[in-house]
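Comments concern the structure below.
The values are calculated or read from the model by the stated rules, or taken from the named source; none is laboratory data. All of these numbers come straight from a predicted model, not from anything done at the bench. Here the Cβ positions follow ideal geometry from the backbone for every residue, glycine too, while neighbour counts run over all protein chains shown. Only protein heavy atoms, including side chains, enter the accessible area calculation; ligands, DNA and RNA are left aside. Shrake-Rupley method; radii C 1.70, N 1.55, O 1.52, S 1.80 Å.
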Amino acid sequence: MTSAVPSFELLPGAAQSPVILHVPHSAREIPPGVRAGIVLDDSALERELDHIVDAHTARLAQEAAAAAEVTPWRFVNRLSRLVVDPERFPDEREEMLAVGMGAVYTRTTHREALRPDDFDPAPLISRYFEPYARAMTDAVAQRLTATGRAVIIDVHSYPTAPLPYELHGAGPRPPVCLGTDSFHTPPELLAAAREAFAPCGETGLDSPFSGTYVPLEFYGRDPRVSALMIELRRDTYMAEPGGPAGPGLTRLARALTALVDAAAR
């Protein structure tokens, strides 16, 4: 099973920067061997990608990094989350298994079949999920070695209206949702995010999505690793679903730059 593009890419930042901008859900690429295991026809698959992809978040991270006082590192998934979702737990800890969206999705955003009921996820976990996890673990370890700390800023977006797969879609959907972890999100990082994104509208906390990504080797164990998820409501910067970016992207990029600068100090 091969891919025409790398599965992921670590884009170097400044040696003294502890910050990693993590962009896990921005891509639409699905290798042919993986596509063969998806039951949707081509038009239905394109519609599903429109709904599930965090469109333009890689560009957002790129623009923010370019403007930062100290260039952050960027870890970018180059394949669609329909290949594997690197942010899910790969086992029964993952609550999204309830709707067929564990590390390997078997259901769509509208809870329709994505893969056959008897689909074996193990080859995709081995080929894509595990190397991604190892590489992200290494990237964090390198920041710890170089700077004594690591700050993961997880860059996402979410639809204006809830989709059927969402387990917590009934709560507030502010322009900016900040996802936190009780162990890895220190108050000062959260405060910096609130200040940075204040020009972009209301910032909410852990609704409709909560938590943030930390590699399992450090998760709940190493307080030198701090993390925060940024969830941007899509109508603030793009045409939904899956359309072009608008002028709001520039404003959000400036806000993300401000957060990167604060986190690097």
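Here are the numbers for the structure shown:
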read-out	value
Cut-off 13 Å between beta-carbons: net charge of the residues surrounding Arg127, Lys and Arg +1, Asp and Glu -1	-1
Per residue accessible area in Å² of the range 68-126, where ligands, DNA and RNA are left out and the probe is 1.4 Å	44 Å²
Estimated D of the range 61-116 in µm² per second, where Rh is the Kirkwood radius over Cα pairs and Stokes-Einstein applies at 25 °C, 0.890 mPa s	184 µm²/s
The chain: most fluctuating residue of Glu87, Glu231, Glu130 per GNM, C-alpha cutoff 10 Å	Glu130
Measure of compaction for the chain (Cα Rg per 2.2 N^0.38 Å)	0.95
Highest-fluctuation residue, Ser157, Ser80, Ser126 considered, GNM on the chain with Cα pairs under 10 Å	Ser126
Sparsely packed GluC sites (Glu not before Pro) within the range 149-220, loop by DSSP, other Cβ within 10 Å at most 14	Glu202
DSSP bridge orientation in the range 1-144 - percent antiparallel, rounded to nearest 5	60 percent
All-pairs Cα distance distribution in the range 156-211, expressed in whole percent, bin size 5 Å	4, 19, 28, 24, 15, 8, 1
Helical contribution to [θ] at 222 nm, DSSP H n ≥ 4, -39,500 (n - 2.57), averaged over the chain, rounded to 500	-8500 deg cm²/dmol
Cα radius of gyration and Dmax for the range 1-134 (Å)	15.7, 50
The range 171-247: trypsin sites (Lys or Arg not before Pro) in DSSP loop, at most 13 other beta carbons within 10 Å	Arg221
